[in-house]
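The values are calculated or read from the model by the stated rules, or taken from the named source; none is laboratory data. The shown structure was predicted, so the numbers you read here are calculated from the model rather than taken from an experiment. Heads up, the Cβs are rebuilt from the backbone with ideal geometry, glycines too, and the neighbour counts pull from every protein chain shown.
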Amino acid sequence: MSILSSMETKTVLRDLQRAELAPFMTIRDLYVPWLGFLRAVFIGALTLMVADMQSREGTFAVWSFVLAITVTLVYIVASSVLLARRRVRFSNASAPSELQKEIMRSSMLHITSDGISALAVFLLPFPVKWMVPAFALIASLITFYISRARVESVLKDLQEQVNG
Amino acid sequence: MGESLDLDPLIHAPKRMQIMAMLYVATSIDFSFLQEELEVSASVLSKHMSALADAGYVVVKKTGHGRSGVTSFKLTPTGRRAYENYRRIVSDLLKL
């Protein structure tokens, strides 16, 4: 194979970089709004269950337990289906470092948000405790949209870097 | 220069080069994704994939049957080394 000219080499390298980036663009598939909403309901239902179980009356304990379990199962099945339907599989470790950091930040943001909700449901007095599920649901939705926007921004930056 | 700068002709074809680059960073990729990214017909992509599979650069995995069946591809260690070598040569050429 003959040696490439400088211009050809640059074109080949750019094509390689673009192609190497393409699989990571599919990470957007994991930030679909319905899954974010389902996750928020899941967190809300769990905190509702705990709050209700801790209440003196426990009026809705059984129903909130059924709701939490149902939403948990739906969330697990939906996430599995979504992951199975993805046409590209890769480990986070192979992603560009900027994207790796953003995925990590996104996870930390969700863990922090869920942690605050969990602490609140254990520490707050009644009847304030009953507000926690709503707070957990909204906080989860907000963190989801923040994460989505940040991942989108990183992907856009990476694309711009490659396209020069 | 000489042999160390020889580009693998099997990878050097533009579409195959892109296929190798995408497979290099992924664990596995489905046929439909490659077809969409490369904007080629199914028959053209099949030919490229057969050439890479015959060279031992990729392995094919088929799951399901009929319309619901999925064909995915994965780079073999040989393919991985070949791509790394190809990329190194291209990068070295730029430094010359």
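Some values worked out for this structure:
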| item | result |
| --- | --- |
| Filtered residues of the range B:1-51 (kept if in contact with a strand residue (DSSP E or B) (Cβ under 7 Å, 6 or more places away or on another chain) and within 7 Å of chain A (Cβ to nearest Cβ)) | B:22, B:24, B:26, B:27, B:28, B:29, B:30, B:33 |
| Residue B:56 at pLDDT 95 or above and either surrounded by fewer than 14 Cβ atoms within 10 Å (Cβ to Cβ) or under 11 Å from the mean Cα position of the chain (by Cα) (or both) | yes |
| Evaluation of residue B:82 against (1) without any contact (Cβ under 8 Å) to a residue 60 or more places away in the chain; (2) under 29 Å from residue A:5 (Cβ atoms) (one fails), failing number | (1) |
| Selection from the range A:9-59 of residues that are charged (D, E, K, R) and either crowded, with 17+ Cβ neighbours inside 10 Å or within 14 Å of chain B (Cβ to nearest Cβ) (or both) | A:10, A:14, A:15, A:18, A:20, A:28, A:29, A:39, A:52 |
| Output for the range B:70-85, where each listed residue is closer than 17 Å to residue A:89 by Cα and either among the polar types (S, T, N, Q) or at pLDDT below 95 (or both) | B:70, B:71, B:72, B:76 |
| Residue ranges of helices (runs of 4 or more DSSP H) in the range A:1-119 with at least 2 members aromatic (Phe, Trp, Tyr) and touching a His at 6+ places or on another chain (Cβ under 6 Å) | none |
| Every residue from the range A:86-99 that is more than 10 Å from chain B (Cβ to nearest Cβ) and surrounded by 15 or more Cβ atoms within 10 Å (Cβ to Cβ) | A:99 |
| Residue among A:142, A:138, A:116, A:103 that is within 16 Å of residue A:46 (Cβ to Cβ) and under 16 Å from the mean Cα position of the chain (by Cα) | A:138 |
| Test: residue in the range A:110-119 that is within 27 Å of residue A:23 (Cα to Cα) and surrounded by 17 or more Cβ atoms within 10 Å (Cβ to Cβ) | yes |
